[in-house]
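J.: One structure is given below, represented as structure tokens, and several questions about it will come after.
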There are 2 protein chains.
Amino acid sequence: TLALLSFAPAAAALKLQVDGQAVVDQLMHLAQWSDDPSPAVTRLLFTDNDMKARAYVKQLMREAGLQIREDTMGNVYGRLPGSDPTAAAVATGSHTDAIPGAGAYDGTVGVIGGIAALRALREAGFTPAKPLEVVMFTSEEPTRFGLSCSGSRTMAGLLDPAYLDTLRDVNGSTYLQAATAAGYGAASSAQMVAGARRTPADLAAFLELHIEQGPELEKEGLQIGVVTAIAAPAALRVKFSGDGGHAGAQLMPLRNDASLAAAELAIFVEQAALGTGVIDTVATVGSWQVQPNAVNSVPRETALEIDVRDIDGPRRDGVLAAIKAKAAAIAERRKVRLQIETINQDPPAACGTEVVAAVEGAVRELGLSSKRMVSRAYHDALFMAQIAPTGMVFIPCRNGWSHRPDEFASPSDIARGIEVLALALAQLAGG
Amino acid sequence: TLALLSFAPAAAALKLQVDGQAVVDQLMHLAQWSDDPSPAVTRLLFTDNDMKARAYVKQLMREAGLQIREDTMGNVYGRLPGSDPTAAAVATGSHTDAIPGAGAYDGTVGVIGGIAALRALREAGFTPAKPLEVVMFTSEEPTRFGLSCSGSRTMAGLLDPAYLDTLRDVNGSTYLQAATAAGYGAASSAQMVAGARRTPADLAAFLELHIEQGPELEKEGLQIGVVTAIAAPAALRVKFSGDGGHAGAQLMPLRNDASLAAAELAIFVEQAALGTGVIDTVATVGSWQVQPNAVNSVPRETALEIDVRDIDGPRRDGVLAAIKAKAAAIAERRKVRLQIETINQDPPAACGTEVVAAVEGAVRELGLSSKRMVSRAYHDALFMAQIAPTGMVFIPCRNGWSHRPDEFASPSDIARGIEVLALALAQLAGG
Ligand SMILES: [Mn+2]
Ligand SMILES: [Mn+2]
Ligand SMILES: [Mn+2]
Ligand SMILES: [Mn+2]
């Protein structure tokens with residue numbers, strides 16, 4: 001795709017060249033580093049494949065003429081200096097980690113596309129007033145430590161290092177240990193977290209490019225989604241514990257099967273989400289851990305991870321409260337023990353009006369079709385919104401699919417998203 | 001415990017010496033080879049710990065003066081020759097593998113206790129007419145390949161090598177590959193299975209010593225359970241598959257969550273077992289495998305392993321049929337795909353009258369309290385019953401607990417079980 005554009009805010013004509021197919025080739029190159037066979041992409045924080053993906057991202061940043069910086073948490077920055085050396089930066093970026101069995105576009109489009117946007121601006125001869133940054137946020141996905149958005153959460157000052165120290169991966173490692181082994185980290189978790197902190201003083205705006213992960217744009221035949229708010233995510237860990245026993249010998253009336261308590265709760269979680277009567281409420285039991293998980297044993301311990309989101313914070317909190325109450329009632333009736341832990345309960349984020357305006361200006365400049373929409377998935381943008389005016393650019397993805405190997409966005413949709421991103425970043429940075 | 005006994009059938013006074021504490025010491029020594037920390041015992045077929053356990057069992061057999069033989073499937077035999085070299089053997093034995101997070105007594109009491117029984121007979125100067133054998137059956141538990149009683153099932157001619165070849169462990173290995181790596185196996189699965197075959201011509205009777213795995217003996221204050229029948233076990237693998245998706249972005253009405261279908265079925269499985277109105281029906285969803293099993297993903301695929309048992313075969317089959325029908329109805333309503341596989345559907349086994357009589361004769365000789373009972377758990381005895389008159393001796397276990405780290409049987413109960421086993425074997429072997 002070759003876009004010849006007059007870029008109004010900079011009062012200069014910018015010839016932006018964004019090659020959608022080249023970006024797709026880079027996305028496919030990145031997708032090879034996966035713990036599961038292609039087309040599935042599984043890339044967990046600080047694994048060998050994650051380290052290889054990081055090296056490739058840094059290579060692309062270097063080739064785009066960006067200055068590379070990595071912080072203690074493992075966030076990777078590529079920077080295009082501004083003409084005003086004291087100005088706060090305008091940033092873009094997303095993540096490259098992937099949950100088990102995911103696809104090649106979630107997050108990666110915002111990292112590789114962000115690099116492409118900065119490269120296109122630089123190659124068009126644009127020098128921003130404020131510095132431009134593209135960030136590869138560390139572990140947006142919660143897979144390894146059960147904590148989503150570790151990188152952006154830390155930048156926003158919302159990660160308590162004492163809490164971080166309580167988390168363990170399947171091997172019993174802490175984040176600090178894993179980060180240190182990967183060449184990041186610090187002398188303590190407190191120092192590691194402090195080392196990644198950003199403030200409004202050094203961040204002027206944030207804008208993330210991402211696939212929609214929903215079907216609306218494709219269904220309505222629109223090219224760009226202008227995000228105005230990000231839904232409020234929350235996650236609970238609910239563990240039921242019974243006495244287990246032999247599947248043949250333990251008679252039915254004597255059992256307290258932990259998985260049956262979990263099964264009842266899972267069905268209630270669905271009912272609770274449907275019960276608000278509002279399409280924006282979603283609730284999911286995504287993770288089931290059963291012990292001992294053997295065909296001839298009554299489950300002794302079953303832990304569920306429950307994800308609840310809504311664009312309305314109080315309504316979301318009402319669903320969470322109902323789930324906790326139901327879990328307690330089930331535990332009492334089924335005579336199992338119950339532990340509930342709130343993994344996160346974050347507020348929704350409203351996007352910054354100047355960022356939304358910059359995106360809509362770029363959409364107009366490019367003559368694209370668009371609509372305003374809400375992000376139901378959360379993103380690093382949710383946390384960046386705590387410290388800077390924030391926005392998101394969505395592009396369509398096939399059937400709204402995401403977190404699946406057959407996730408897909410077209411080269412032309414990707415190129416258009418990058419062009420919108422580049423123009424909006426230029427407008428926000430001034431030049 | 002020192003037992004001074006007149007042993008009527010052999011027309012000779014036998015001084016049997018069974019040291020319960022020594023047997024318990026051997027059980028605790030065996031329990032150290034576990035993939036989970038003590039007191040949990042996790043020992044899967046042909047793992048390092050299983051191989052160490054096998055070496056120890058063979059050492060105990062050697063110390064008891066038994067002749068060791070191992071077959072192609074990995075069954076281990078210790079033999080005390082009889083005075084009639086052409087006679088079919090009288091066998092005892094059980095298993096030493098353990099499901100994840102199990103205890104130190106399930107199966108092991110019948111292997112180490114079986115060795116102790118043959119040793120006590122030999123040391124008392126008893127020479128059997130028929131040979132006596134103690135067997136460590138290979139993989140009674142289904143953990144590694146999803147198939148229970150691989151050893152005894154094969155001895156009885158009830159394992160189809162073509163079916164065995166369809167099974168894979170978590171690493172994608174076949175039984176033949178795993179057995180070969182462990183020093184067993186053969187040129188093909190057919191040869192491996194043929195190499196472990198037993199027939200009525202070489203097996204005169206089988207008697208297994210085992211902890212009850214239920215609460216009845218302890219509750220009634222009885223020392224010995226004389227098993228007259230073994231419940232009919234069956235297992236299904238039910239897999240629901242949906243489209244997955246992002247937990248934030250995929251709206252509730254568009255979902256086909258595989259785990260919710262599974263949750264509904266699990267609750268029905270409990271209802272179906274309770275619904276027969278008979279205490280002997282038990283049904284369990286012991287194993288849950290969820291993909292991708294991530295907090296922010298709608299479950300795409302959920303596989304359940306369902307165990308159904310009853311002492312009445314047709315009643316058990318009615319429950320199985322109801323579960324299959326319910327699974328189909330759930331799959332249709334929730335728009336998920338369904339695969340059902342019958343892992344096994346074995347008939348119940350009635351014990352041989354002469355074996356039951358030998359056990360009851362031994363109980364009388366020793367002046368012990370006992371009752372006749374049904375084994376609700378299945379055992380290798382279930383398959384040995386297909387080729388020889390079979391029986392089981394149960395001893396009490398604390399609270400009826402089994403398949404748990406706190407599984408326990410007292411040294412005196414274990415010693416009494418071994419004495420009953422030894423006397424009954426002597427009676428069955430003649431001498
Ligand atoms: Mn994601
Ligand atoms: Mn993402
Ligand atoms: Mn068992
Ligand atoms: Mn057993």
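The values are calculated or read from the model by the stated rules, or taken from the named source; none is laboratory data. A quick note: this is a predicted structure, and the numbers were derived from the prediction, not measured. Every residue, glycine among them, receives a Cβ derived from its backbone with ideal geometry; neighbour counts consider all protein chains shown. The protein model used for the area step is the full one, side chains on, heavy atoms only, and it has no ligands, DNA or RNA in it. Shrake-Rupley method; radii C 1.70, N 1.55, O 1.52, S 1.80 Å.
J.: Can you find even one residue in the stretch B:56-64 that is away from ligand 4 (no atom under 16 Å from the Cβ) and either assigned by TED's automatic domain parsing to the domain that holds B:Ser287 or of a type in the set (Phe, Trp, Tyr) (or both)? So that I can check it myself, show each step before the final result.
T.: Here is the first cut: in the stretch B:56-64, the residues away from ligand 4 (no atom under 16 Å from the Cβ) are B:56, B:58-64.
Applying the additional criterion that residues be either assigned by TED's automatic domain parsing to the domain that holds B:Ser287 or of a type in the set (Phe, Trp, Tyr) (or both) yields B:56.
Among the residues of the stretch B:56-64, at least one is away from ligand 4 (no atom under 16 Å from the Cβ) and either assigned by TED's automatic domain parsing to the domain that holds B:Ser287 or of a type in the set (Phe, Trp, Tyr) (or both), which makes the answer yes.
J.: Pairs, please: C-beta under 8 Å, at least 6 apart or cross-chain, first residue not assigned by TED's automatic domain parsing to the domain that holds A:Leu14 and in the stretch A:104-125, second open to solvent by less than 10 Å² (accessible area, probe 1.4 Å) and part of a helix (DSSP H, G or I)?
T.: none
J.: Another one. When the stretch B:357-387 is examined, which residues are found to be within 19 Å of the chain's Cα centre (by Cα), buried (at least 24 other Cβ atoms within 10 Å of the Cβ) and among the hydrophobic types (A, V, I, L, M, F, W, C)?
T.: B:Ala377, B:Ala381, B:Leu382, B:Phe383, B:Met384, B:Ala385
J.: Then there is this: Just to be sure I understand, how many residues within the stretch B:159-173 are outside any helix (DSSP H, G or I) and either open to solvent by less than 60 Å² (accessible area, probe 1.4 Å) or under 16 Å from B:Gly195 (Cβ atoms) (or both)?
T.: The total comes to 6.
J.: Here's a follow-up. Return the total of residues in the stretch A:249-272 being farther than 12 Å from B:Ala266 by Cα, surrounded by fewer than 24 Cβ atoms within 10 Å (Cβ to Cβ) and facing chain B (nearest Cβ under 7 Å).
T.: 3
J.: Looking at the stretch B:346-359, can you tell me whether even one residue there is within 16 Å of ligand 3 (Cβ to nearest atom), among the charged types (D, E, K, R) and in contact (Cβ under 8 Å) with a residue 24 or more places away in the chain? Walk me through it before giving the result.
T.: Of the stretch B:346-359, the ones within 16 Å of ligand 3 (Cβ to nearest atom) are B:346.
Those still in the list that are among the charged types (D, E, K, R) too: B:346.
Retained after the next criterion (residues that are in contact (Cβ under 8 Å) with a residue 24 or more places away in the chain): B:346.
Yes, some residue in the stretch B:346-359 is within 16 Å of ligand 3 (Cβ to nearest atom), among the charged types (D, E, K, R) and in contact (Cβ under 8 Å) with a residue 24 or more places away in the chain.
J.: OK, next. Could we say that B:Ser241 is closer than 30 Å to A:Ala234 by Cα, among the hydroxyl-bearing types (Ser, Thr, Tyr), touching a Lys or Arg at 6+ places or on another chain (Cβ under 6 Å) and at pLDDT 95 or above here?
T.: yes
J.: Of the residues B:Ile395, B:Ile387, which is out of contact with any Ser or Thr (no Cβ under 6 Å at 6 or more places or on another chain) and more than 23 Å from B:Arg153 (Cα to Cα)?
T.: The match here is B:Ile395.
J.: What are the pairs, 6+ residues apart or on separate chains, where a residue within the stretch A:33-50 that is aromatic (Phe, Trp, Tyr) has its Cβ under 6 Å from a residue that is modelled with pLDDT of 95 or more and in a helix (DSSP H, G or I)?
T.: A:Trp33/A:Asn49; A:Trp33/A:Lys52; A:Trp33/A:Ala53; A:Phe46/A:Ala178
J.: One residue is enough: does the stretch B:385-406 have a residue meeting the conditions free of Cβ contacts under 8 Å to residues at least 40 places away in the same chain and in a helix (DSSP H, G or I)?
T.: Taking the stretch B:385-406 first, the residues free of Cβ contacts under 8 Å to residues at least 40 places away in the same chain are none.
Within the stretch B:385-406, none of the residues are free of Cβ contacts under 8 Å to residues at least 40 places away in the same chain and in a helix (DSSP H, G or I).
J.: For B:Glu305, state whether it is closer than 13 Å to B:Ala234 by Cβ and open to solvent by 10 Å² or more (accessible area, probe 1.4 Å).
T.: Answer is yes for this residue.
J.: Here's something else I'd like to know. Out of (1) of a type outside the set (A, V, I, L, M, F, W, C); (2) crowded, with 24+ Cβ neighbours inside 10 Å; (3) assigned by TED's automatic domain parsing to the domain that holds A:Pro128, what's the single condition that is false for A:Arg316?
T.: Answer for A:Arg316: the failing condition is (3).
J.: From A:Gly82, A:Gly74, grab the single residue that is under 16 Å from the mean Cα position of the chain (by Cα) and either closer than 17 Å to A:Gly110 by Cα or more than 16 Å from ligand 2 (Cβ to nearest atom) (or both).
T.: When all the criteria are applied, what remains is A:Gly74.
J.: Does A:Gly244 satisfy the condition of being within 14 Å of chain B (Cβ to nearest Cβ) and within 16 Å of ligand 3 (Cβ to nearest atom)?
T.: Taking the combined requirement at face value, the residue satisfies it.
J.: Return a yes/no flag: does the stretch A:6-27 have any residue that is modelled with pLDDT of 95 or more, small (Gly, Ala, Ser) and open to solvent by 20 Å² or more (accessible area, probe 1.4 Å).
T.: Checked the stretch A:6-27: at least one residue is modelled with pLDDT of 95 or more, small (Gly, Ala, Ser) and open to solvent by 20 Å² or more (accessible area, probe 1.4 Å).
J.: I'd like the full set of residues that are open to solvent by 30 Å² or more (accessible area, probe 1.4 Å) and under 16 Å from A:Cys397 (Cβ atoms), limited to the stretch A:196-231.
T.: Those that are open to solvent by 30 Å² or more (accessible area, probe 1.4 Å) and under 16 Å from A:Cys397 (Cβ atoms): A:Glu216, A:Glu218, A:Lys219, A:Glu220, A:Gly221, A:Leu222, A:Gln223.
J.: Scan the stretch B:130-156 residue by residue and report those that are in a loop (DSSP other than H, G, I, E, B), buried (at least 24 other Cβ atoms within 10 Å of the Cβ) and of a type in the set (Gly, Ala, Ser).
T.: B:Ser139, B:Ser148
J.: Shifting gears a bit: Only residues that are away from chain B (no Cβ under 12 Å) and of a type in the set (Asp, Glu): list them for the stretch A:94-147, please.
T.: A:Glu123, A:Glu133
J.: I need a count of the residues in the stretch A:412-431 that are open to solvent by 40 Å² or more (accessible area, probe 1.4 Å) and either part of a helix (DSSP H, G or I) or closer than 25 Å to B:Ala249 by Cβ (or both). Talk me through it step by step, then tell me what you get.
T.: The initial filter retains those residues of the stretch A:412-431 that are open to solvent by 40 Å² or more (accessible area, probe 1.4 Å), namely A:412, A:416, A:427, A:431.
Going one step further and asking which of them are either part of a helix (DSSP H, G or I) or closer than 25 Å to B:Ala249 by Cβ (or both), we end up with A:412, A:416, A:427.
Total satisfying the criteria: 3.
J.: Let me ask you something else. Is one or more of the residues making up the stretch B:116-129 assigned to a loop (DSSP other than H, G, I, E, B) and within 13 Å of ligand 4 (Cβ to nearest atom)?
T.: Taking the stretch B:116-129 and keeping what is assigned to a loop (DSSP other than H, G, I, E, B), we get B:124-129.
Pick out the ones that are also within 13 Å of ligand 4 (Cβ to nearest atom) and you get none.
No, the stretch B:116-129 contains no residue that is assigned to a loop (DSSP other than H, G, I, E, B) and within 13 Å of ligand 4 (Cβ to nearest atom).
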